[in-house]
1. Just for the protein assembly as shown, what percent of DSSP beta bridges are antiparallel, to the closest 5?
2. When we measure straight from the Cα of B:LYS192, which lysines land under 22 angstrom away, once same-chain ones fewer than 8 places off are left out?
3. Any idea what diffusion coefficient chain B gets from Stokes-Einstein, in µm²/s, Kirkwood Rh on alpha carbon pairs, 25 °C, 0.890 mPa s?
4. Give the average over all directions of the projected area of the C-alpha convex hull of the protein assembly as shown, one decimal, in nm².
5. Helix B:220-243 sits at what angle to the longest principal axis of chain B, using alpha carbons and giving 0 to 90 degrees rounded to 10?
6. Can you give the extra length, in nm with one decimal, that the chain gains between A:SER159 and A:HIS413 once fully stretched, where that is 0.36 nm per residue apart less the Cα-Cα distance?
7. In whole percent, what relative contact order does the range B:87-299 give with Cα contacts below 8 Å and a gap of six or more residues?
8. To the nearest 20 debye, what is the magnitude of the charge dipole of chain A about its Cα centre, counting +1 on the Cβ of each Lys and Arg and -1 on the Cβ of each Asp and Glu?
Amino acid sequence: MTAIGHSPGAAPEPILELDGLDVTFGTETGDVPAVRGVSLHVRPGETLALVGESGSGKSTVALAAIGLLPGNARATGRASVAGTDVVTAPESVLAGLRGRTVSMVFQEPATALDPLTRIGAQIAEVVRNHRSVTAREAHRTAVGLLRRVGIPDPERRASDFPFELSGGQRQRVVIAMAIANDPDLLIADEPTTALDVTVQAEILDLLRGLAAETGTGVLLVTHNMGVVADFADRVAVMLQGEIVETGPVEDVLLRPVHAYTRRLLAAVPRLTVAEQPPGQAAPALDGSGSGSGGSGSDSGQEDGPRSAPASTSAPAAATAPADEPATDVPAVDSPVVDLRDVRVVFGRGARAVRALDGVSLAVRAGETVGLVGESGSGKSTAARVALGLIRPTGGTVALFGSELRRTRARDRHALRSGIGVVLQDPVASLDARMSVAECVAEPLRVHRRGMPAKERQELVAGVLERVRLPRAFARRAPRELSGGQRQRVSLARALVLEPRLLVADEPTSALDVSVQETVLEVITELQGELGFACLFVSHDLAVVQHFAERVVVMRDGRVEEEGSTAATLLRPTTDYTRRLLAAVPVPDPVLQRRRRTERRAALAADGSGAGA
Amino acid sequence: MSAVLQPGQSPGTGPLADPPGDTAGAVGPRLMVRRFTRNRLAVAGLVVIVLFLLFCFAGPLLHPTDQTHTTLSQVNLAPSARHLLGTDAVGHDELGRLMFGGKVSLLVGLAAGLLATVIGTLWGAAAGYAGGWIDAAMMRVVDAGIAIPALFILLVVSAISTPGVFGLVVILGLVSWLVPSRLVRAETLTLKNRDYVHTLRAIGGTHTRAITRHILPNSVSTIVVAATFQVADAILLVAYVSYLGLGVQPPATDWGGMLSAGLTAAYSGRWWLILPPGLAVILVVCAFNAIGDGLRDAFDVRGRA
């Protein structure tokens, strides 16, 4: 929390003030109102978080505030930045304003930087746009800025190209560009959404520090309630282009008034944290109480897989995952998918990348295994190996008890009918040139060639209903569906053959929280009915904690830690998992403040603060 | 609800009843037509092509002429009421000849352009989808082909044998599939990594299915646009070859052949032997290119004027 109180009366003049802002987009299919009558203000030194789900208009508000609306947008009302109305101001005035009085941090650091220009030069360019300084001075300023945003060895790194930096470092460079001319207002549009949680925590620390240091007002656009709790002083909640609730962060997140805010907060999966001393009640993990996992055994690693979500099970040796039957799965011993000592190497020679390095993991019938890790940890690669999309360089992969490499092509084909797949991108998962029915029926056309059309239609309609979509959706085109509906169509396609294994690679990470909740509910419900096993890949520890019975934590192509979800995510045995958990922001400002302090203390105790 | 699920009227592809106006395919085509018509040049191109097709194929009905026998009493007449565009050196009515030759030019151009697109599409899709050394080998073939000027190959072949209309189509098709194959390969490279293709592969779908059901339908915009440009190129190529006297042989002719025949008259002021076929080639080629541009707008997913 920045050290700015909300003392009424003595508040300084707002640096950003929106008054009855309307934005309408003229499109080929008619006018679409995106923002309706939005009024808000940001004072110097204060952070206002603008939250809402996709399509709520929050990003449009941010763009309007810096006068960067696309050409087909019409804005009315007032949006004044430091006294200048950006709605009516001519481009020349806006150009003088941008980068100097108000600047912006975009979501995707990979595309916000010019890949062909050294980072020092990019920052120096921003400096020289607004100040008449010599090239050498601008370069010196750039190096100073890089130091301020925590890039180690800035003199040398200034001559790096963006591709030589990690995602977190790139975002630091973007921030350096944004603060280059000491703006009074910083607009950050989902500044950490593209980053891993540990990096996100560092970037939020950085932004918080910079804002406090210079008294910059921050307009933070985000969908992540944890980030809001971590960073914001005040919150404005947007729904369909309008602000439905505004207030101090603690009021809005802990005592929401508007029904939508309540619904939104209820849908956020909360990470249950156990390392708190008693007295502070952690938000309850639904179903399995937070106590049971912690008390199940002394070392979390010894908890075996469970099949029912709420019960802890008999201990199994974690090192030999194949020889202990799950408690109440009928007589199925062998895992549905079993990766043993799998190695995957991309490329050859000196440039070879070890994507997986001796990974062993198994999913038993009816069980849900969460595969978590940061980007680049190899979790998606592992899932793709299990799917047979990537051929491992070494090790063995067994599907339903048959080792893939030893089975003949025809048998392999038959084995494949037992797998359902849901991948991350709701848009790319469905062929836009097919109807929903054709998409869902595709596995039938692959594995049940002779099936009469009538029967196929019935099956498709039935499975659509199972994923809670109306039968009539069969005739729709994917583009007419929302993201959550598309993912449910993907799920319907995955389940139409009643598979024994569902592999879901980040199935909900592109979705809004409320939609995510529905999709996860549908999967859980159908898993109860159909009893398939699930390999659930996710970067979101809170989701995995709610959804999976066993969790495998991956790092740099290796399994770092595995065990029952309750035990592993409450009492991790490795530093890595602990750091990962500590970096997840929880949507409770009070709790989050304490977690932040603890995380900082832990990092300091480590001696070396990990560079981004 | 099940009343909705009548047996499919379109067997094979759509397992469900044809969508009514407000669903599935309806929005797409209508929007595409609107985008296409917004490109004025493309509409003009379409009009030009339609007019030329009418001119060449329906024109002879209104203006029947003898394009086989020579009429030596009526050579090199200037345009008049009887011969609107005059007559050529052997007494053929020039207007009628423009229709007669246009048939060959348009037919050969369209057929050769389409043939080139089909070959190029299959080659490019196979190379892009297979990837690895197969892709490398197939694309080196394309590189080598592009390195040899198409005109050179045409001349060599025409010098060896005298192709008829059909032969001309095949030869032109075989020398001009290279560019569309590159375009389709590039498209395939991105499409084969779409999640729906991964999903299909993971559940055991075949490569053939991935290519025919997913990759080719989704590259249709690239393919159609490439096809229009190929047609324009092919019409030009026919004109080149015939101009050099190696195309279709007299008494048959095409616009290129007419230009060639008229060249001897260039210095004697008989403009009516050169200008009409020349303009026709230019107009048709420009028109096809404009249509290609319009189609690109129409298919562009993100496109917005």
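Coordinate-derived values only; no laboratory data. In this text, all values refer to a predicted model and were calculated from it rather than measured experimentally. Cβ: placed from backbone, ideal geometry, glycine included. Neighbour counts: every protein chain shown.
1. Around 55 percent antiparallel, to the nearest 5.
2. A:LYS379
3. 112
4. The number I arrive at for the protein assembly as shown is 47.6 nm².
5. Taking Cα atoms only, the helix is inclined about 20 degrees.
6. 86.2 nm
7. Dividing the mean separation by the residue count of the range B:87-299 yields 30 percent.
8. Rounded to the nearest 20 debye, it is 1600 debye.
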